[in-house]
Amino acid sequence: MSLFKWINNVSNNERPRKAWFSFVCLIFIVLIIIPSIFVVLKMFTEWDIVSGVLGDPEKTSLIWGALWNSFSIAAIVTVVDIVIGIPMAWILVRKQFRGKKYLDTLMDMPLVFPTGALGFSVVLFWGAPNGIDIPGLGMVLSPYIMLILLHIIFTYPYMVRSLSAILEQIEPNYETAAMTLSASRFTAVRTITLPLFRAGLVTGTILCFARSLSETGGTYAALLLMNANGIFFTGPTFIKHMKEIQDPTAMGSMILISVLMIVFALILLVVVKLLIMRFKIPIKKVWPHLGRKLSRGAVPKLKDAFSIAFLAIIVLLPTFYIFTYLTQPMADIDFVALMSAIGTSFAVAGVAVVFGIVFGIPIALYIARKRDTKLGKILDNLVNVPLIIPTTALGFSLGLFWSTIYAGGSLNLLMVVLGHMAFTFPLVVRNISGAVEEVDQSYEEVAMTLGAKPFQTFTKVLMPIIQSSVIAGAILAFTRSLGETGATLAIDRSANTVPVYIINLLDAGKHSEAAFCSIILIAICFVFMLVLRLVVSRGGRHT
Amino acid sequence: MKIRLDNISMRFGDFYAIKNISLSIARGEYLTILGPSGCGKTTLIKVISGIWQPTEGKVFVDERDVTDVPIEDRDTGYVFQNIALFPNMTIKENVGYSPRVRNMPEEEIDQIAKDHLELVKMFDRAGMLPSELSGGEQQKVAIARALASGSKMLMLDEPFSALDARVRVELRYEIRRLVKKLGITVLHVTHDQEEAMSVSDRIILMRAGGIQEIGTPLDMYRNPKSIFAAYFIGETNLMECTVLDKTKAGRTVLRLRGGRTVRASKSSFYSGDPVVISVRPENVYTANDGLEAKVIGIVFMGTYWRIRTLAETSDYIDYNISANDEVPQIGDEVRLVFNKKATKVFERPEEGLEEAIKLE
Ligand SMILES: Nc1ncnc2c1ncn2[C@@H]1O[C@H](COP(=O)(O)OP(=O)(O)O)[C@@H](O)[C@H]1O
Ligand SMILES: [Mg+2]
């Protein structure tokens, strides 16, 4: 209490406030931004080995191939997500039906699964000859198609969540008003709701794209099970592969592909933002008859049915397919090793989230409240950087940075934590700043006029309002950290987190054990989330 | 358009927002709906315009059953309580929205939008976005947008609530003149009694999901059929008393609390009946003789004085005096008499007077 009082008194002066904020910014730059893009600098200092790779057509063609796979898969997946995500967001936000709560929870399930387990499960489901054979054709899915199916699963929730967050804020009366003016529902949505959707579309697109580009664990597991490993690469699996082979030129290849992925991803971020913001849905032309036909009767029903079917068949069934292992005899599980991996994972995720909250809130507040200032704009864009950079490249860059500074090598776990802090940070900040923007500033002003000091105003007025978004951001960051494979591997190949543990089991051909470990982990995560929700909703009721 | 409601109810769960409403509205009639907040006013016009389907009952327009016709084919203008201008379109695009979705040619859309913006004197703002306008201006645009649909039925949900008093008065006569000229049937929800009194052909007074009373403004003011109507529309003094007798002319003679007798208008009550009388402040005068009362409050109402007294009957009785007249002092003793003709007699409600005028 006395500490609280002390902070409260200190917060009344501008100077300590500024000092604290400067410190936060410094931490953000030094601990997160610089290590994330350090590899770009490294490329120039190590130009010799990089140019060596560039001169080798065999290597460059491998790199270009991996990049092409990564970016084209991400693009296809994002487009599919948008098309399928919009009607789903509609169902979740605008429709009232029984069981909606369950649908809502199911939607997030793929986020709880360790990605390695997910890749495993998806290949089991779709992969002939063990899984589903495309009927009659005897066709076996290529790795490319398989990865698209896989990546849709863990990007889809991000898209639906981003879109429904925006949809919730769009006044439903707009559509009703349009309909009293003789517009069909279809026309109303096309001319009013969709154009208002852009912000959500930008967020969703960036999240999906980045998530797909970053994905390592599931992708690796899928390729491994399809025996395509070492033949078919995406950017992240290429880096993982290079880390494993004993090749003197591997360093050059890794630097090159990391830099290329970072640069392309950043360019894409800008282009996507501009494209979506500039692109105008044409609202001048309308087709009253077509609109009415599409708004009534079978079409909307079919659309809803299709969305639900897509969710069930493309997303949920493959996700849960791994549970079929439960019908088989229990594998021998090394519980000590598994529990220690789970412990490590929870510890890493916990530290990353706490860091995100403590240092993320000041930055989020600044972005939300001072968006129009120069620093606000800079921070707003910088925060997106670790989000859009593929985590494997980020981890690789971060590893290079810290090993340049400290060559001891015994601090590997700390470096893994730093890596997880970097890519979870934007998730926390984005969630909080989004929520703060929604809060009318006059609440805080009123509190101040009543004599509250800045820190008190924050804890007593703002915090209770944005609490749920802080928690949502924390959960998102936590699960993201739990599932992360690529960054962990790129920093420390021997790190003992669960996703790495499961990948190693798969690598060793212990499929059954990997499946059972995944199921145990999923169960633990599920219970953890459930307890968290309970605690949160109980806490929420008090305030 | 002629509108007829046949036993309409709207239920949310097991709560009836409106219940068993039957009503006929003539073509071109201007109706206002008055009532305490939460009584179902918005629900009623949403059901009439097809935004909501009633859970029971039928809606007829020109004697055609339209209960199941979807909103977009109802052809009913509607101005929302929260305005709901489309934020991604300019003012002009908003007003031109209805002709556009009916696929009219570009020049015609343009003309209609222009005409209606001029109607509400907002043409100079045509290129702005809704967020750049004040609340009042937005409401004007919302009205223009609804009128631009050319429909012959218009629902207004408290459309003037964000306007300042002078603009509000100007606009309401303007709207009335306009809809009368175009022959539009209007249902106008308001909480402003003066507005309801001055623009409507008939007033619907609602209470707790039902229609309490319907009538012309004058009739409702002069001859309310219930204590609630007398209390809710205008201002009135209510006093509990007992019928003593009838005069030869048929007037009711009553005994107030404390024993003094007064005369009131004709009624069908008999000696001994417990009743309530209602007399509006402007029908209470001071005199040399009459009810003893003590002045306890004096307020200048802008054009007249409102004097509050505590009468010997232990009722509070208010009366008015002209702004030019001498006002009494607080604590002064006055003697009050009522205008007999304007003193209305109601049955004393079983549930008690308080309950009878409760707003829920
Ligand atoms: N969508 C709804 N769901 C449940 N109850 C509603 C809904 N809309 C209105 N109500 C209830 O119906 C009653 C009447 O509401 P409304 O028609 O909006 O009243 P008002 O006369 O103030 O316009 C209120 O008690 C309100 O709580
Ligand atoms: Mg209302």
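Contact annotation: residue pairs with Cβ atoms under 7 Å, 6 or more positions apart or on different chains, pairing a residue in region A:520-543 that is surrounded by 10 or more Cβ atoms within 10 Å (Cβ to Cβ) with a partner that is of a type in the set (A, V, I, L, M) and modelled with pLDDT under 80, are A:Ile522/A:Val112; A:Cys525/A:Val112; A:Phe526/A:Val112; A:Met529/A:Val112. Looking across region B:188-239, the residues that are in contact with a Pro (Cβ under 8 Å, 6 or more places away or on another chain), farther than 21 Å from B:Gly28 by Cα and of a type outside the set (A, V, I, L, M, F, W, C) come down to B:Arg207, B:Glu235, B:Thr236, B:Asn237.
Any residue at all in region B:268-278 that is out of contact with any Lys or Arg (no Cβ under 8 Å at 6 or more places or on another chain) and open to solvent by less than 20 Å² (accessible area, probe 1.4 Å)? Within region B:268-278 (the criterion being out of contact with any Lys or Arg (no Cβ under 8 Å at 6 or more places or on another chain) and open to solvent by less than 20 Å² (accessible area, probe 1.4 Å)), the answer is no, since none of the residues qualifies. Filtering region A:474-500 to residues that are surrounded by fewer than 24 Cβ atoms within 10 Å (Cβ to Cβ), of a type in the set (Ser, Thr, Tyr) and assigned to a helix (DSSP H, G or I) leaves only A:Thr479. Among the residues of this structure, A:Ile283 counts as one that is within 14 Å of chain B (Cβ to nearest Cβ) and among the hydrophobic types (A, V, I, L, M, F, W, C).
On the given criteria, is B:Glu333 open to solvent by 80 Å² or more (accessible area, probe 1.4 Å) and closer than 17 Å to B:Asn288 by Cβ? Yes: the conditions hold for B:Glu333. Residues in region B:314-360 that are under 30 Å from the mean Cα position of the chain (by Cα) and among the hydrophobic types (A, V, I, L, M, F, W, C): B:Ile317, B:Ile321, B:Ala323, B:Val337, B:Phe338, B:Ala342, B:Val345, B:Phe346, B:Leu353, B:Ala356, B:Ile357, B:Leu359. Could you tell me whether B:Phe60 is within 16 Å of ligand 2 (Cβ to nearest atom), open to solvent by 10 Å² or more (accessible area, probe 1.4 Å) and in the same structural domain as B:Met155 (by TED's automatic domain parsing)? It is false that B:Phe60 is within 16 Å of ligand 2 (Cβ to nearest atom), open to solvent by 10 Å² or more (accessible area, probe 1.4 Å) and in the same structural domain as B:Met155 (by TED's automatic domain parsing).
Would a scan of region A:401-408 turn up a residue that is part of a loop (DSSP other than H, G, I, E, B) and more than 27 Å from A:Val30 (Cβ to Cβ)? No: zero hits. Considering only residues in region B:191-212 that are open to solvent by 40 Å² or more (accessible area, probe 1.4 Å) and more than 13 Å from ligand 1 (Cβ to nearest atom), the one that is nearest to B:Tyr231 (Cα to Cα) turns out to be B:Gln193. Within the bounds of region A:24-45, is there any residue that is over 29 Å from the mean Cα position of the chain (by Cα) and open to solvent by 30 Å² or more (accessible area, probe 1.4 Å)? Yes, region A:24-45 contains at least one residue that is over 29 Å from the mean Cα position of the chain (by Cα) and open to solvent by 30 Å² or more (accessible area, probe 1.4 Å).
Consider only pairs whose beta carbons are under 9 Å apart and that are at least six residues apart or on different chains; among these, list those whose first residue lies in region A:281-301 and is of a type in the set (S, T, N, Q) and whose second residue is surrounded by 12 or more Cβ atoms within 10 Å (Cβ to Cβ) and assigned to a loop (DSSP other than H, G, I, E, B). Short answer, once both residue conditions are applied: A:Ser295/A:Ser184; A:Ser295/B:Pro70.
Checking each residue in region B:167-190 for being away from ligand 1 (no atom under 16 Å from the Cβ) and closer than 17 Å to B:Gly136 by Cα picks out B:Val167, B:Arg168, B:Val169, B:Glu170, B:Leu171, B:Arg172, B:Tyr173, B:Glu174, B:Ile175.
Number of residues in region A:179-196 that are facing another protein chain (nearest Cβ under 7 Å) and either under 21 Å from B:Leu156 (Cα atoms) or charged (D, E, K, R) (or both) equals 5. Does region B:29-43 hold any residues that are more than 7 Å from ligand 1 (Cβ to nearest atom) and surrounded by 24 or more Cβ atoms within 10 Å (Cβ to Cβ), and which are they? Scanning region B:29-43 gives B:Thr32, B:Ile33, B:Leu34. Of all residues being of a type in the set (S, T, N, Q) and in a helix (DSSP H, G or I) in region B:88-131, which is nearest to the other protein chains (Cβ to nearest Cβ)? Just the residue, please. Result: B:Ser98. From the list B:Asn82, B:Asn94, the one residue that fits, being of a type outside the set (A, V, I, L, M), within 16 Å of ligand 2 (Cβ to nearest atom) and over 18 Å from B:Gly209 (Cα atoms), is B:Asn82.
Quick check on A:Val160: is it open to solvent by less than 20 Å² (accessible area, probe 1.4 Å), of a type in the set (Val, Ile, Thr) and either more than 20 Å from the chain's Cα centre (by Cα) or modelled with pLDDT under 60 (or both)? Considered against the rule, which asks whether it is open to solvent by less than 20 Å² (accessible area, probe 1.4 Å), of a type in the set (Val, Ile, Thr) and either more than 20 Å from the chain's Cα centre (by Cα) or modelled with pLDDT under 60 (or both), A:Val160 comes out as no.
Reported count of residues in region B:19-42, each being within 13 Å of ligand 2 (Cβ to nearest atom), out of contact with any Lys or Arg (no Cβ under 9 Å at 6 or more places or on another chain) and away from every other protein chain (no Cβ under 14 Å), is 3. Scanning region A:268-324 for residues that are open to solvent by 70 Å² or more (accessible area, probe 1.4 Å), of a type in the set (Phe, Trp, Tyr) and either part of a helix (DSSP H, G or I) or modelled with pLDDT of 80 or more (or both) returns A:Trp287, A:Phe306, A:Tyr321. Take the conditions within 16 Å of ligand 2 (Cβ to nearest atom) and either part of a strand (DSSP E or B) or surrounded by 17 or more Cβ atoms within 10 Å (Cβ to Cβ) (or both) and apply them to B:Ile8. Does it pass? Against the criterion (within 16 Å of ligand 2 (Cβ to nearest atom) and either part of a strand (DSSP E or B) or surrounded by 17 or more Cβ atoms within 10 Å (Cβ to Cβ) (or both)), B:Ile8 does not qualify. For region B:145-155, the count of residues that are on the phi < 0 side of the Ramachandran plot and within 16 Å of ligand 1 (Cβ to nearest atom) is at least one. For region B:68-87, the set of residues classified as out of contact with any Pro (no Cβ under 6 Å at 6 or more places or on another chain), open to solvent by 10 Å² or more (accessible area, probe 1.4 Å) and either assigned to a loop (DSSP other than H, G, I, E, B) or more than 7 Å from chain A (Cβ to nearest Cβ) (or both) consists of B:Asp68, B:Val69, B:Pro70, B:Asp73, B:Arg74, B:Asp75, B:Gln81, B:Asn82, B:Ile83, listed by residue number. The single condition among (1) touching a residue at least 40 places away in the same chain (Cβ under 8 Å); (2) under 19 Å from A:Ser403 (Cβ atoms) that A:Asn9 does not satisfy is (2). Going by the conditions given, is B:Ser278 outside any loop (DSSP other than H, G, I, E, B) and touching a residue at least 40 places away in the same chain (Cβ under 8 Å)? Spelling it out, B:Ser278 is indeed outside any loop (DSSP other than H, G, I, E, B) and touching a residue at least 40 places away in the same chain (Cβ under 8 Å). Scanning region B:145-200 for residues that are assigned to a loop (DSSP other than H, G, I, E, B), more than 16 Å from ligand 2 (Cβ to nearest atom) and under 17 Å from the mean Cα position of the chain (by Cα) yields a total of 1. When region B:156-180 is limited to residues that are under 18 Å from B:His116 (Cα atoms) and among the aliphatic types (A, V, I, L, M), the one that is surrounded by the most Cβ atoms within 10 Å (Cβ to Cβ) turns out to be B:Leu156.
For region B:11-28, a residue qualifies if it is open to solvent by 20 Å² or more (accessible area, probe 1.4 Å) and away from ligand 1 (no atom under 12 Å from the Cβ), and the qualifying residues are B:Asn20, B:Ser22, B:Ser24, B:Ala26, B:Arg27.
The values are calculated or read from the model by the stated rules, or taken from the named source; none is laboratory data. Given the structure is predicted, the values throughout are model-derived calculations rather than measurements. As a convention, Cβ positions derive from the backbone with ideal geometry for all residues, glycine included, and neighbour counts pool all protein chains shown. The accessibility values were calculated without ligands, DNA or RNA, using every heavy atom of the protein model including side chains. Shrake-Rupley method; radii C 1.70, N 1.55, O 1.52, S 1.80 Å.
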